[in-house]
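Shown next, in structure tokens, is the structure this report addresses.
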Amino acid sequence: MESPEQPASSATSSWLVSSEARPWFDWLSTVDRQSLGTLTKLRNELSNDQASQLLQQLDLRERATRKFSQARQMFFTDIGLQQSTDEQIATYKATRFPAGQKVADLCCGIGGDLVAIAQRCEVVAVDASDDHLCFAEANVRAYGAKLADRYCGLAEETSLADFAAWHIDPDRRPEQTRTIRLDQFRPSLEHLEAMLQQNPNAALKLAPANAIPADWEEAGQCEWISNHRECKQLMVWLGNLTDRPGTRRATRIDGNGQATCFEDSLVELKQSEAVDTYLFDPDPALVASGLVDALAARHDLARVSAQSHYLTGGQPFDHPLLQRFEVITQEKIDNKRLKKAVATEDWGTLELKQRGLELKLETWRKQLKPRGQGQGTIIFTPTVEGNRAILCRRPATTGA
């Protein structure tokens, strides 16, 4: 039997999504998949490729439950799952596309975005991998939708003129090594520019750290999207997919799939003279978008230093893109001082956070030896007065 890490052949991919394989998936969900009896039955009744791919699919489905509500009815490749947009983000993004109209999803992979777009639009799937297309179509069906068509080929060779809009997730690992350089993507920057000449109504999925061509940022809207306290992707919306060209947007998708957005342009940094009564930790999408100072300016907040994104203010202001902490005291970053402070506060559960510094937080946790009954937070950060450890507590109303 082949290693579960081996990619499936096209014939095996087609078999996996067929009704013939379904009883095998059902049976394997009721037995010990690693037992000798199970492996013997698989070896005796199926090809090596079929058997190993069944087991691999079940492992991938387990991993995919963090991303997709229908994961146990879906099909994946390892790289396809890693690169796929999760269901909550894809559902949010799909609302930008014109309902009922013809849309192309290029480099669709296993169909993370495709599934959501297919529930809203007439969508054509394009990918250079037959396996990905086979799985993507099956995944769309798992959500009760269907494709208008599918095409195996290169994105840059797709005629885009007849589509109302198009979405693309360019390959950021063309040489098996992740890159954030657009000129090393596939399709390349040159190809993407040519595709925009064909049809300017585009949604480009990029890595959060990608540098964006100036003309794209001027003509479109750049949106950084976070989920579970991680900035997942940068979307560049162009043509009629944006109504506010030249702006940036930071968007947080919460655990219920609800989106909170903040739109603005870049503003100058405002630095606080001292840490005030409250400290605010901005969402990763806000940081990645460069909009921390814009949000601060709207709500009378300021950064604790130019080297840190933490904000401070005197009022208990709440915002979905900020985590709020009530400041108790602050200390220089000194082991003995902090150990004494933790003991004084009677903290046993200790949350450690940092921005603008590179401390080994787990080493600090062991050194501080929290043994009390309460819980608190220490935030390590540069301030205008120097590097500080700020002892805080989370208000009960502040989400994680």
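Observations on the structure shown:
- ILE379 falls short on exactly one of the conditions (1) among the hydrophobic types (A, V, I, L, M, F, W, C); (2) touching a Lys or Arg at 6+ places or on another chain (Cβ under 6 Å); (3) closer than 16 Å to LYS336 by Cα, and that condition is (3).
- Qualifying strands (runs of 3 or more DSSP E) (wholly inside the stretch 232-338; at least 1 residues being touching a residue at least 60 places away in the same chain (Cβ under 8 Å), more than 30 Å from ARG96 (Cα to Cα) and among the basic types (Lys, Arg)): 322-332
- Pick from the stretch 350-374, criterion in a loop (DSSP other than H, G, I, E, B) and in contact with a helix residue (DSSP H, G or I) (Cβ under 9 Å, 6 or more places away or on another chain), ranking: surrounded by the most Cβ atoms within 10 Å (Cβ to Cβ): PRO370
- Among residues of the stretch 110-143, those that are assigned to a helix (DSSP H, G or I) and of a type in the set (A, V, I, L, M, F, W, C), counted: 12
- The number of residues in the stretch 99-130 that are of a type outside the set (A, V, I, L, M, F, W, C) and open to solvent by 30 Å² or more (accessible area, probe 1.4 Å) comes to 8.
- Where ALA165 falls short, out of the listed (1) within 23 Å of TRP237 (Cα to Cα); (2) surrounded by fewer than 23 Cβ atoms within 10 Å (Cβ to Cβ): (2)
- Only listed residue being touching a residue at least 40 places away in the same chain (Cβ under 8 Å), in contact with a Pro (Cβ under 9 Å, 6 or more places away or on another chain) and farther than 19 Å from GLU137 by Cβ, chosen from LEU42, LEU55: LEU55
- Within the stretch 9-43, the residues that satisfy the criterion of being within 16 Å of ASP59 (Cβ to Cβ), crowded, with 16+ Cβ neighbours inside 10 Å and aliphatic (A, V, I, L, M) are LEU16, ALA21, LEU28, LEU42.
- For the stretch 295-310, residues that are under 16 Å from SER265 (Cβ atoms), under 24 Å from the mean Cα position of the chain (by Cα) and open to solvent by 50 Å² or more (accessible area, probe 1.4 Å) total 0.
- Test: residue in the stretch 19-28 that is farther than 30 Å from THR260 by Cβ, among the hydroxyl-bearing types (Ser, Thr, Tyr) and assigned to a loop (DSSP other than H, G, I, E, B): yes
- Any hit, the stretch 342-356, residues being of a type outside the set (D, E, K, R), within 30 Å of CYS261 (Cβ to Cβ) and in contact with a Pro (Cβ under 8 Å, 6 or more places away or on another chain): yes
- Inspection of the stretch 324-331 finds a residue satisfying the criterion of being within 27 Å of the chain's Cα centre (by Cα) and either of a type in the set (D, E, K, R) or open to solvent by 10 Å² or more (accessible area, probe 1.4 Å) (or both).
- Qualifying residue in the stretch 101-109 (condition: aliphatic (A, V, I, L, M) and without any contact (Cβ under 8 Å) to a residue 40 or more places away in the chain): no
- Candidates VAL140, VAL115 - the one that is of a type in the set (Val, Ile, Thr), under 17 Å from SER14 (Cα atoms) and at pLDDT 95 or above: VAL140
- Residue in the stretch 63-79 that is assigned to a helix (DSSP H, G or I), hydrophobic (A, V, I, L, M, F, W, C), open to solvent by 50 Å² or more (accessible area, probe 1.4 Å) and touching a residue at least 24 places away in the same chain (Cβ under 8 Å) present: yes
- Residues that are among the acidic types (Asp, Glu) and not in a helix (DSSP H, G or I) were ranked within the stretch 146-162; the one that is least open to solvent (accessible area, probe 1.4 Å) is ASP149.
- Among the candidates ARG248, ARG229, residue that is over 11 Å from the mean Cα position of the chain (by Cα) and of a type in the set (Lys, Arg): ARG248
The values are calculated or read from the model by the stated rules, or taken from the named source; none is laboratory data. Remember, predicted model here, so these are calculated numbers, not experimental data. Backbone-built Cβ (ideal geometry, glycine too); neighbour counts: all protein chains shown. In case anyone asks, the SASA skips ligands and DNA or RNA and just uses the protein heavy atoms, side chains included. Shrake-Rupley method; radii C 1.70, N 1.55, O 1.52, S 1.80 Å.
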